[in-house]
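Undergrad: One structure coming up, written as structure tokens, with questions to follow.
The values are calculated or read from the model by the stated rules, or taken from the named source; none is laboratory data. Remember, it's a predicted structure, so these values are computed and weren't measured experimentally. Heads up, the Cβs are rebuilt from the backbone with ideal geometry, glycines too, and the neighbour counts pull from every protein chain shown.
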Protein chains: 2
Amino acid sequence: MTVTPETDIPPARGKRPKQGEPVIDRALSLLAVFSDRRRALTLSELARYADMPAPTALRLIARLVAWGALERLDDGRYVVGVRLWEVASLSPRGHGVREIALPYLEDLFEVTRHHVLLAVRDNEQAVLIERLSAKDATEVAYRVGGRAPLRSTAIGLVLLAGADQQFQETILKRPPENEPGVPEMPEGQLRRTLSDVRRTGIAMIRRTVPSRTVSVASPIFDAQGSVVASLSIVVPDGSTPPNVLAPAVRAAARAVSRNLGHRAAVSAEARTHSQG
Amino acid sequence: MTVTPETDIPPARGKRPKQGEPVIDRALSLLAVFSDRRRALTLSELARYADMPAPTALRLIARLVAWGALERLDDGRYVVGVRLWEVASLSPRGHGVREIALPYLEDLFEVTRHHVLLAVRDNEQAVLIERLSAKDATEVAYRVGGRAPLRSTAIGLVLLAGADQQFQETILKRPPENEPGVPEMPEGQLRRTLSDVRRTGIAMIRRTVPSRTVSVASPIFDAQGSVVASLSIVVPDGSTPPNVLAPAVRAAARAVSRNLGHRAAVSAEARTHSQG
DNA sequence: CAGGGTTCTTTCAATGGTTGGAATAGTATT
DNA sequence: AATACTATTCCAACCATTGAAAGAACCCTG
């Protein structure tokens, strides 16, 4: 009597599970496995997290390595390659704004010696494009390349306030996610806040975790007048008061906007002034 | 009499030209089309440069856009997406060293107010990982994400000097490419130069184009003692003398190395000193 | 406002790259 | 030595992939 394993295991319904997914999607899902916590992965880890058989993963990875999207370490693990970084540096909303904004971020950083952040919106989150920090600065929540929520950060509120109406409604309708350390706003208050941000060009938020900080952010506009990025400063609560920071942040953001071709609206007083 | 195009054009030997290339390779070749000069491309441009039929390109691009590797502008053109930038920011040799090195680059920049560069080697070229420049600084040859030759730049010489023996031989054997503004060295002199770079931890090169500049570079080591990056400063020829810059550059590079876990060799004098 | 030229998009039948189980080799752990 | 895991090679079945063709959507220019 021979064993009949078929009785035990529901014998491979389709025999070829998961087959039919486009190759590119699979390759990209391999890239997506990498994260802040997973920067170097073995073949089996990649296969497991991307949910595909090892031979398939190996074949795809081999192509990615050949091109330079991935690199193989001496110990056999894989990491994201410089070639991918190189192409990514051509991303207008990534390195593009970063390159233009950096000098002004540096100025702001020099003056304040506190965290200076630059972010753009990707779907429903803010993606950190740049961060300048003093070596001895306070703890910071987000790293470059990382993501931050739109509703509960100053840098995110600016991006949300500048998004198209339809997108804002989608977010506003959503039930508030409870993030520790930040009092989540009900819909009505959030609407008012966003309106204020649009009017004043400033968003401000207090956090208590990971540490007690105040963030002040301001929008960066492109030539078409769309909000393309958000510039923020994060200081320990109780140090420089927010109303002192706001003008500096706003000025830096406007300087970047101007470099992007934005014709800033000039206030009535200033115009009167220049007209004599 | 009807035209017979078959006589002119070798009539589609296999009917399906170029067929048989792995899908991933094609997708990646689409990404590779983007460059400093081509940051936003139409479908037909992408198809033409990547050498594939428009429908094929469209299909692949659609997958890339869905994932976020590419983004579509309002005018229909495609650009590199933030999502790709996000994954690329996990590249150890890209953002990795950059993140660790940045504070020290900033220190060096603050002190000198001249171009400070950081690069890693990718195959036979140096890839610029970071560049700090004053807004009014002298013209600079290379941009972040761009590539520079190994033999005719200070930052490249350092990387070449630190590469494995076999790779160095390959490069040394190669006939010198003539780059304008930099006197190309014959093999013998280049060998001596590389040896000097290894001994002193400093490479130096004078350029005349695009402007008269002096570059001083120094290697960055990882915990295993391999040269993983190169740090360089570029100043106008005739300003700060190179022998003044060298110690600052070397110190900054060593500081970064230490942060990467490199146990720097201490000179005999220093050791004697501390031993009393 | 036709009309030639371009780019973009959809369709679809043929097919060859892709697939993953199975087997093998390599490596670490018990 | 045995066990467990990971990495790699092999290969026949098969389905995603392919690109010509045709249509749709725009330009321009006369």
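Undergrad: If we only count strands (runs of 3 or more DSSP E) wholly inside segment B:143-227, which ones have 2 or more residues that are closer than 30 Å to B:A32 by Cα and in contact (Cβ under 8 Å) with a residue 40 or more places away in the chain? If you could, list the steps in order and put the result at the bottom.
TA: Values: elements: B:147-149, B:203-207, B:213-221.
Ranges flagged: B:213-221.
So that you can scan it fast, the table gives a plain yes or no per residue for (1) in a strand (DSSP E or B); (2) free of Cβ contacts under 8 Å to residues at least 60 places away in the same chain; (3) aromatic (F, W, Y):
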site	(1), (2), (3)
A:L64	no, yes, no
A:R93	no, no, no
A:L118	yes, no, no
A:I129	yes, no, no
A:A134	no, yes, no
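Undergrad: Where residues in segment B:33-62 are assigned to a loop (DSSP other than H, G, I, E, B) and within 10 Å of DNA strand C (Cβ to nearest atom), which of them is nearest to the chain's Cα centre (by Cα)?
TA: Here the answer is B:T42.
Undergrad: Here's a follow-up. Residues being modelled with pLDDT of 90 or more and near DNA strand D (Cβ under 10 Å from one of its atoms): count how many of those fall in segment A:10-40.
TA: 5
Undergrad: Quick check, is A:R131 in contact with a Leu (Cβ under 8 Å, 6 or more places away or on another chain), at the interface with another protein chain (Cβ under 10 Å from one of its Cβ atoms) and surrounded by 21 or more Cβ atoms within 10 Å (Cβ to Cβ)?
TA: Judged against the criteria, A:R131 is a match.
Undergrad: Could you count how many residues in segment B:103-116 are part of a helix (DSSP H, G or I) and under 21 Å from B:T138 (Cα atoms)?
TA: 8
Undergrad: Still on this structure, I have one more. Take the residues of segment B:60-75 that are surrounded by fewer than 16 Cβ atoms within 10 Å (Cβ to Cβ) and within 9 Å of chain A (Cβ to nearest Cβ): which is farthest from DNA strand D (Cβ to nearest atom)?
TA: This residue is B:L73.
Undergrad: A further question follows. Mind checking whether some residue in segment B:81-91 is away from DNA strand D (no atom under 16 Å from the Cβ), surrounded by fewer than 20 Cβ atoms within 10 Å (Cβ to Cβ) and not in a helix (DSSP H, G or I)? Talk me through it step by step, then tell me what you get.
TA: Pass one, segment B:81-91, residues away from DNA strand D (no atom under 16 Å from the Cβ): B:81-91.
Now restrict to residues that are surrounded by fewer than 20 Cβ atoms within 10 Å (Cβ to Cβ): none.
Within segment B:81-91 (the criterion being away from DNA strand D (no atom under 16 Å from the Cβ), surrounded by fewer than 20 Cβ atoms within 10 Å (Cβ to Cβ) and not in a helix (DSSP H, G or I)), the answer is no, since none of the residues qualifies.
Undergrad: If I filter segment B:96-122 down to residues being within 8 Å of chain A (Cβ to nearest Cβ) and under 13 Å from the mean Cα position of the chain (by Cα), which single residue comes out as modelled with the lowest pLDDT?
TA: B:D122
Undergrad: Something else about it: Those residues that are within 21 Å of the chain's Cα centre (by Cα) and at pLDDT 90 or above, I need them from segment B:176-192; list them, please.
TA: Across segment B:176-192, the qualifying residue is only B:L190.
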